[in-house]
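Participant: Dropping the structure in here first, questions after.
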Amino acid sequence: MLAAIAAVSLIVGGIGVMNIMLVAVRERTVEIGLRKALGAMQVEIIYQFLIEAVVLCTAGGLLGWLGGYGGMRLLHHLGIAAVPVPGALALALGAAASVALVFGSYPAFLASELEPVEALRRP
């Protein structure tokens, strides 16, 4: 049951990341068009947005891990036995990066498919 709740949380978070990245692509259409007009290849645009998504998600994963660790320390001070799980940070950052790669791929692909002339023409 806990794994199902975690999976749903990751999917909902991934949809949120996708929405944020779609807004970033929409707001930076002129920048993308300019980069493509100056010779940027499609894969470079994809990497730009995937790296942005990974940084965004891993920062969120790190903040989530810090909140969980702080909560564990608080429980420990209240006398409730709480022990950190080895590898929890690596698991949190890995899951966050995986969500970023999966859900950031579509906005990155859309950004790379923009035609330079049409992208520069948009307001």
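No value in this document is a laboratory result; all are computed from the given coordinates. Since the structure is predicted, the reported quantities are computational estimates derived from the model, not experimental observations. Backbone-built Cβ (ideal geometry, glycine too); neighbour counts: all protein chains shown.
Participant: Take the Cα pairs of the range 2-117, get the Kirkwood Rh, then feed it into Stokes-Einstein at 10 °C and 1.306 mPa s and tell me D in µm²/s.
Facilitator: D = 100 µm²/s.
Participant: Which angle between 0 and 90 degrees, to the nearest 10, do you get for helix 2-27 versus the longest principal axis of the chain when only C-alpha atoms count?
Facilitator: Roughly 30 degrees between the two axes.
Participant: Tell me, what is the FRET efficiency for residue 43 and residue 12 to the nearest 0.05, using R0 = 30 angstrom and their Cβ-Cβ distance as r?
Facilitator: Plugging the Cβ-Cβ distance into 1/(1 + (r/R0)^6) gives 0.55.
Participant: In deg cm²/dmol and to the nearest 500, what is the mean residue ellipticity at 222 nm of the chain if only DSSP H runs of at least 4 residues count, each as -39500 (n - 2.57), divided by the residue total?
Facilitator: The per-residue figure over the chain is -28500 deg cm²/dmol.
Participant: Assuming 0.36 nm per residue, please report the length gained on full extension of the stretch residue 34 to residue 85 beyond their Cα-Cα distance.
Facilitator: Here the answer is 13.6 nm.
Participant: While we're looking at this one, here's another question. Would you please state the base-10 log of I(q)/I(0) at q = 0.26 1/Å for the range 75-117, with intensities from the Debye formula using one equal scatterer on every alpha carbon?
Facilitator: Those come out to -0.87, one per q.
Participant: Just 102, 43, 54 to compare: in a GNM of the chain, with alpha carbon springs under 10 Å, which one fluctuates most?
Facilitator: 43
Participant: Related question: Extension gain residue 63-residue 2, at 0.36 nm per residue separation less the Cα-Cα distance, in nm?
Facilitator: Residue separation times 0.36 nm, minus the Cα-Cα distance, leaves 19.9 nm.
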